[in-house]
Amino acid sequence: MAEHDADREPQPIDEEAAWAAIVAGYGDEPTDPPGTKPFKSIEDLALLEGDRNATPEPPPASPEPPPEPKPLGSSVVFAPGVGGPRDFKVAEPSDGDLDDTDEGHFVPPEPPPLPETDVTAKFAWLGVIGGPLLLLLAAVLQWEFTWWLTTLGVGGFIGGFGTLVARMQQDDEDGDDPGRGAVV
(Lines give C-alpha, C1' and ligand atoms only; values in the text may rest on other atoms or scores of the structure.)
Protein backbone atom coordinates (compact mmCIF):
# COMPACT_ATOMS: atom_id res chain seq x y z
CA MET A 1 0.00 0.00 0.00
CA ALA A 2 2.92 2.33 0.67
CA GLU A 3 4.07 1.71 -2.91
CA HIS A 4 0.80 3.06 -4.28
CA ASP A 5 0.88 6.10 -1.97
CA ALA A 6 4.37 7.00 -3.16
CA ASP A 7 3.21 7.03 -6.80
CA ARG A 8 0.35 9.47 -6.11
CA GLU A 9 0.88 13.17 -6.25
CA PRO A 10 0.21 14.99 -2.99
CA GLN A 11 -3.18 16.65 -2.96
CA PRO A 12 -3.15 20.36 -2.16
CA ILE A 13 -4.70 21.22 1.20
CA ASP A 14 -7.24 24.01 1.28
CA GLU A 15 -5.81 25.94 4.22
CA GLU A 16 -8.44 28.64 4.05
CA ALA A 17 -11.25 26.10 4.42
CA ALA A 18 -9.46 24.34 7.29
CA TRP A 19 -8.98 27.63 9.16
CA ALA A 20 -12.59 28.60 8.52
CA ALA A 21 -13.76 25.28 10.03
CA ILE A 22 -11.57 25.81 13.11
CA VAL A 23 -12.83 29.36 13.61
CA ALA A 24 -16.45 28.30 13.09
CA GLY A 25 -16.13 25.55 15.73
CA TYR A 26 -14.38 27.74 18.30
CA GLY A 27 -16.08 27.50 21.69
CA ASP A 28 -18.22 24.47 20.78
CA GLU A 29 -17.75 21.42 22.97
CA PRO A 30 -17.14 18.26 20.96
CA THR A 31 -19.56 15.40 21.42
CA ASP A 32 -18.52 12.37 23.45
CA PRO A 33 -17.65 9.26 21.46
CA PRO A 34 -20.19 6.44 21.76
CA GLY A 35 -19.73 4.12 24.75
CA THR A 36 -18.04 6.63 27.05
CA LYS A 37 -19.23 7.37 30.55
CA PRO A 38 -20.73 10.78 31.00
CA PHE A 39 -18.73 13.46 32.75
CA LYS A 40 -19.02 13.56 36.56
CA SER A 41 -19.40 17.00 38.02
CA ILE A 42 -17.35 18.05 41.05
CA GLU A 43 -20.36 17.68 43.33
CA ASP A 44 -20.82 14.04 42.29
CA LEU A 45 -17.23 12.85 42.78
CA ALA A 46 -17.85 11.49 46.29
CA LEU A 47 -20.97 9.57 45.24
CA LEU A 48 -21.02 5.88 44.39
CA GLU A 49 -20.94 4.75 40.74
CA GLY A 50 -24.70 4.22 40.58
CA ASP A 51 -25.41 7.75 41.71
CA ARG A 52 -23.35 9.48 39.07
CA ASN A 53 -24.61 12.55 37.33
CA ALA A 54 -27.90 12.53 39.12
CA THR A 55 -29.09 16.08 39.47
CA PRO A 56 -29.07 16.78 43.18
CA GLU A 57 -32.33 17.88 44.63
CA PRO A 58 -32.18 21.03 46.67
CA PRO A 59 -32.08 20.24 50.39
CA PRO A 60 -35.12 21.16 52.41
CA ALA A 61 -34.83 24.44 54.21
CA SER A 62 -33.44 23.85 57.67
CA PRO A 63 -32.81 26.21 60.54
CA GLU A 64 -29.14 25.12 60.82
CA PRO A 65 -26.57 27.64 59.68
CA PRO A 66 -24.61 26.78 56.55
CA PRO A 67 -21.29 24.97 57.16
CA GLU A 68 -18.14 27.03 57.38
CA PRO A 69 -16.22 27.28 54.13
CA LYS A 70 -13.30 24.88 53.83
CA PRO A 71 -9.81 26.38 53.88
CA LEU A 72 -7.82 26.64 50.68
CA GLY A 73 -6.50 23.29 49.49
CA SER A 74 -9.11 21.14 51.23
CA SER A 75 -11.06 20.23 48.11
CA VAL A 76 -9.59 16.71 47.90
CA VAL A 77 -12.09 14.10 49.04
CA PHE A 78 -10.58 10.81 50.19
CA ALA A 79 -13.65 8.77 51.06
CA PRO A 80 -16.79 9.37 53.07
CA GLY A 81 -15.98 9.16 56.77
CA VAL A 82 -12.21 8.83 56.31
CA GLY A 83 -9.91 11.68 57.26
CA GLY A 84 -6.98 12.86 55.23
CA PRO A 85 -3.28 12.74 56.10
CA ARG A 86 -3.38 16.15 57.77
CA ASP A 87 -6.02 15.00 60.25
CA PHE A 88 -3.47 12.89 62.18
CA LYS A 89 -2.88 14.00 65.75
CA VAL A 90 0.08 12.83 67.85
CA ALA A 91 -0.80 11.56 71.30
CA GLU A 92 0.56 13.68 74.13
CA PRO A 93 3.30 11.85 76.06
CA SER A 94 2.83 11.27 79.74
CA ASP A 95 4.98 9.93 82.57
CA GLY A 96 2.98 6.70 82.61
CA ASP A 97 4.16 5.84 79.08
CA LEU A 98 7.61 4.77 80.31
CA ASP A 99 8.15 1.28 81.69
CA ASP A 100 11.19 -0.67 82.91
CA THR A 101 12.53 -1.23 79.37
CA ASP A 102 12.61 2.46 78.52
CA GLU A 103 15.82 4.28 79.30
CA GLY A 104 14.18 7.59 79.98
CA HIS A 105 15.71 10.94 79.18
CA PHE A 106 19.25 10.89 77.78
CA VAL A 107 21.75 13.07 79.59
CA PRO A 108 24.95 13.44 77.58
CA PRO A 109 28.22 13.06 79.45
CA GLU A 110 30.33 16.13 80.07
CA PRO A 111 32.99 16.63 77.41
CA PRO A 112 36.56 16.02 78.47
CA PRO A 113 38.63 19.12 79.16
CA LEU A 114 40.79 20.46 76.35
CA PRO A 115 44.49 19.74 76.72
CA GLU A 116 46.65 22.60 77.93
CA THR A 117 48.82 24.17 75.26
CA ASP A 118 52.10 25.95 75.64
CA VAL A 119 52.83 29.56 74.65
CA THR A 120 54.55 28.58 71.38
CA ALA A 121 51.48 26.72 70.10
CA LYS A 122 49.21 29.62 71.06
CA PHE A 123 51.35 32.11 69.10
CA ALA A 124 51.50 29.70 66.14
CA TRP A 125 47.71 29.50 66.02
CA LEU A 126 47.51 33.27 66.38
CA GLY A 127 49.76 33.63 63.31
CA VAL A 128 47.85 31.04 61.25
CA ILE A 129 44.45 32.58 61.95
CA GLY A 130 45.38 36.18 62.69
CA GLY A 131 47.63 36.80 59.67
CA PRO A 132 44.99 36.27 56.98
CA LEU A 133 42.36 38.03 59.14
CA LEU A 134 44.63 41.06 59.41
CA LEU A 135 45.07 41.19 55.63
CA LEU A 136 41.32 40.74 55.09
CA LEU A 137 40.54 43.51 57.57
CA ALA A 138 43.02 45.82 55.83
CA ALA A 139 41.39 45.10 52.45
CA VAL A 140 37.85 45.67 53.73
CA LEU A 141 38.74 48.89 55.54
CA GLN A 142 40.91 50.02 52.58
CA TRP A 143 44.04 50.55 54.61
CA GLU A 144 47.28 51.17 52.79
CA PHE A 145 49.24 47.92 52.51
CA THR A 146 52.54 49.00 53.99
CA TRP A 147 55.57 46.71 54.19
CA TRP A 148 55.08 45.98 57.89
CA LEU A 149 51.35 45.12 57.48
CA THR A 150 52.08 42.71 54.64
CA THR A 151 55.04 41.18 56.45
CA LEU A 152 53.01 40.71 59.62
CA GLY A 153 50.07 39.08 57.79
CA VAL A 154 51.95 36.83 55.37
CA GLY A 155 54.90 36.15 57.67
CA GLY A 156 52.61 35.39 60.61
CA PHE A 157 50.71 32.82 58.55
CA ILE A 158 53.80 31.12 57.13
CA GLY A 159 55.65 31.15 60.45
CA GLY A 160 52.65 29.85 62.43
CA PHE A 161 51.94 27.11 59.91
CA GLY A 162 55.58 26.04 59.83
CA THR A 163 55.72 25.96 63.63
CA LEU A 164 52.59 23.82 63.90
CA VAL A 165 53.82 21.35 61.29
CA ALA A 166 57.26 21.10 62.90
CA ARG A 167 55.74 20.40 66.33
CA MET A 168 53.40 17.62 65.16
CA GLN A 169 53.85 14.48 67.22
CA GLN A 170 54.83 11.25 65.60
CA ASP A 171 52.91 8.23 66.92
CA ASP A 172 55.59 5.72 65.88
CA GLU A 173 56.77 3.43 68.66
CA ASP A 174 60.24 3.19 67.19
CA GLY A 175 61.41 6.15 65.16
CA ASP A 176 63.72 4.02 62.93
CA ASP A 177 61.02 2.05 61.13
CA PRO A 178 58.72 4.32 59.08
CA GLY A 179 56.21 1.43 58.72
CA ARG A 180 56.33 0.96 54.97
CA GLY A 181 54.67 -2.35 54.29
CA ALA A 182 53.05 -5.27 56.05
CA VAL A 183 54.64 -6.90 59.05
CA VAL A 184 54.75 -10.70 58.87
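Please go through segment 100-124 and pick out each residue that is at pLDDT 90 or above and open to solvent by less than 60 Å² (accessible area, probe 1.4 Å). 121, 124, listed by residue number.
So that you can scan it fast, the table gives a plain yes or no per residue for (1) open to solvent by less than 100 Å² (accessible area, probe 1.4 Å); (2) among the β-branched types (Val, Ile, Thr); (3) at pLDDT 70 or above; (4) at negative phi:
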| position | (1), (2), (3), (4) |
| --- | --- |
| 2 | yes, no, no, yes |
| 16 | no, no, yes, yes |
| 31 | no, yes, yes, yes |
| 36 | yes, yes, yes, yes |
| 47 | yes, no, no, yes |
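As a summary of the residue check, residue 127 satisfies the conditions (1) outside any helix (DSSP H, G or I); (2) surrounded by 14 or more Cβ atoms within 10 Å (Cβ to Cβ) except for the one numbered (1).
The values are calculated or read from the model by the stated rules, or taken from the named source; none is laboratory data. The model shown is predicted, which means the values in this text are computed figures rather than measured ones. All Cβ positions, even for glycine, are placed from backbone atoms using ideal geometry, and neighbour counts span all protein chains on display. Accessible surface is based on the protein model in full, side chains and every heavy atom, while ligands, DNA and RNA are left aside. Shrake-Rupley method; radii C 1.70, N 1.55, O 1.52, S 1.80 Å.
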